[in-house]
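Here the structure is laid out as structure tokens; the discussion comes afterwards.
The values are calculated or read from the model by the stated rules, or taken from the named source; none is laboratory data. Fair warning: this is a prediction, and the values are worked out from it, not measured in the lab. Methodologically, a virtual Cβ is constructed for each residue, glycine included, from the backbone with ideal geometry; neighbour enumeration extends over all protein chains shown. Accessible surface is based on the protein model in full, side chains and every heavy atom, while ligands, DNA and RNA are left aside. Shrake-Rupley method; radii C 1.70, N 1.55, O 1.52, S 1.80 Å.
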Amino acid sequence: MTATMEDRDGYIWFNGTLMPWRGAKVHVLTHGLHYASCVFEGVRSYNGRIFRLEDHTARLFASAKTLDMKVPFTEEQLNAAQAEVMRANNLTDGYLRPLIWRGTESISVSAQMTKINVAVACWVWPSYFTLEARMRGIRLQMSEWRRPAPDMAPVTAKAAGLYMICTLSKHKAEADGYEDALMLDYRGYIAEATGANVFFIMNGEIHTPLPDCFLDGITRKTVVDLAKRRGYKVIERHIKPEEMANFQECFITGTAAEVTPVREIGEYKFMPGDICQALMADYDAETGKSVAAKASSAA
């Protein structure tokens, strides 16, 4: 039987102290569990280097501020904690999950006096999709749920509550035989997948939705920069769903997904091609992804 996330060997950094993995517990009446007062990051380490660590930590602190949580550590301390927990678990290639949440001092909506807790875990997690799926391109279903408007939710924060509709969308997609789902925004424009940004290619130019109501992903920014270095024109704009009929290639980007080609979204078909393959290779080179890590993604 596969071990749960709770039942593992190793160490977790918890409120300033390394503790055995199985000892990192929270109470059932934790505010973050009941009211989604929790923010987090997904970070990867490649070949002993945590990729864009400072950018991820800065976004985590910005998310906490958006949710009115004052973090009891500095960004520098949390950067050091992430390096420390990687060493403690003897990992060079892995996935890190720093998170911040409100504790048990209040179980009402008003929670200014709750303790702000901070933890960092890390583990081996290959690419979100298998190597076989990445090479042939994944299939996405159109989600029934839409990303909310900026005046309806804290859309610039990587906040736990915003992922509820992502879980619902991905569950349905997987039940229907797809790998993921594509979500529209509140206006009906293309937004993102359930945990990744999306890019399209038409006649050698790269088009990607304007991130004005969803996260402007750190991997997204990296890939935009890589594309511009190659001389590709990158157009950030509002994209209507029916425009997908005009695109030749499609791929998604994210810390977990990395750069993954897409071959189908609902009724629309794409052919993973040269631009997508080039950016996959460029991203691997930029991160310093090791040969061993690439091989493990086939598992």
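Within the range 99-123, the set of residues being in contact with a strand residue (DSSP E or B) (Cβ under 6 Å, 6 or more places away or on another chain) and assigned to a loop (DSSP other than H, G, I, E, B) comprises Gly103, Ala111, Thr114. Which residues, taken from the range 24-77, are open to solvent by less than 70 Å² (accessible area, probe 1.4 Å), under 16 Å from Lys158 (Cα atoms) and among the aliphatic types (A, V, I, L, M)? Once the filter is applied, which keeps residues that are open to solvent by less than 70 Å² (accessible area, probe 1.4 Å), under 16 Å from Lys158 (Cα atoms) and among the aliphatic types (A, V, I, L, M), the range 24-77 yields Ala36, Val39, Val43, Leu53, Ala58, Leu60, Ala62, Ala64, Leu67, Met69, Val71. Among residues of the range 31-74 being within 22 Å of Leu91 (Cα to Cα) and part of a helix (DSSP H, G or I), the one that is nearest to the chain's Cα centre (by Cα) is His56.
For the range 80-98, filtered to residues that are open to solvent by 50 Å² or more (accessible area, probe 1.4 Å) and either touching a residue at least 12 places away in the same chain (Cβ under 8 Å) or not in a helix (DSSP H, G or I) (or both), the residue that is farthest from Gly16 (Cα to Cα) is Thr92. A count restricted to the range 138-160 and to residues that are touching a Cys at 6+ places or on another chain (Cβ under 8 Å) and closer than 21 Å to Phe61 by Cα stands at 4. Among the numbered conditions (1) within 15 Å of Ile116 (Cα to Cα); (2) touching a Pro at 6+ places or on another chain (Cβ under 9 Å); (3) not acidic (Asp, Glu), the only one that Gln82 does not meet is (1). Please determine, by comparing only the residues of the range 254-285 that are among the hydroxyl-bearing types (Ser, Thr, Tyr) and touching a residue at least 40 places away in the same chain (Cβ under 8 Å), which one is nearest to Arg220 (Cα to Cα). Result: Thr255. For Gln141, which of the numbered conditions (1) part of a loop (DSSP other than H, G, I, E, B); (2) polar (S, T, N, Q); (3) more than 18 Å from the chain's Cα centre (by Cα) fails to hold? Unmet for Gln141, out of (1) part of a loop (DSSP other than H, G, I, E, B); (2) polar (S, T, N, Q); (3) more than 18 Å from the chain's Cα centre (by Cα): (1).
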